[in-house]
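Trainee: Pasting a structure below so you can have a look.
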Amino acid sequence: RSEKLIVDLADGRTLVVPLEWYPRLAYAAPRERQNWILLGKGYAIEWPDLDEHIGVASLLAGHRSGESRKSFERWLARKRPGSRSLPLKEVRRAGRK
């Protein structure tokens, strides 16, 4: 995937990271990705439909999602009832490499 997460900061900087760094965002429907809120005074972004929270400090540090493969697969199975686990190759592609 070539999709990006783009975050404009109050100080004028723009952060751009591959969406695949955050598997829940990568596998979300566009409407789910568009439903986000800032937490506090902008210290983090929350996607309530996805139960995803990303701290701005983590983005600045270049950290990918720390979610384990098993946790992501459980989440994906709940999101898509009746679906089978993704092949390991697909999960790795969507998550940490």
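Read the figures in this text as sums done on the coordinates, not as results from a lab. Predicted model only: the values in this text are computed from it and were never measured. Glycine gets a Cβ as well: all are built from the backbone with ideal geometry, and neighbour counts include every protein chain shown.
Trainee: May I ask you to list the residues in the range 47-75 that are among the charged types (D, E, K, R) and loosely packed, with under 15 Cβ neighbours inside 10 Å?
Mentor: 51, 70, 74
Trainee: For the range 18-43, how many residues are within 17 Å of residue 61 (Cα to Cα) and crowded, with 18+ Cβ neighbours inside 10 Å?
Mentor: The qualifying residues number 4.
Trainee: Would you say residue 69 is touching a residue at least 12 places away in the same chain (Cβ under 8 Å) and in contact with a Gly (Cβ under 7 Å, 6 or more places away or on another chain)?
Mentor: Taking the combined requirement at face value, the residue satisfies it.
Trainee: Another one. Among the residues of the range 16-24, are any free of Cβ contacts under 8 Å to residues at least 40 places away in the same chain and over 26 Å from residue 77 (Cβ atoms)?
Mentor: Among the residues of the range 16-24, at least one is free of Cβ contacts under 8 Å to residues at least 40 places away in the same chain and over 26 Å from residue 77 (Cβ atoms), which makes the answer yes.
Trainee: In the range 46-71, what residues are among the hydrophobic types (A, V, I, L, M, F, W, C), farther than 16 Å from residue 18 by Cβ and within 11 Å of the chain's Cα centre (by Cα)?
Mentor: Matches in the range 46-71: 47, 50.
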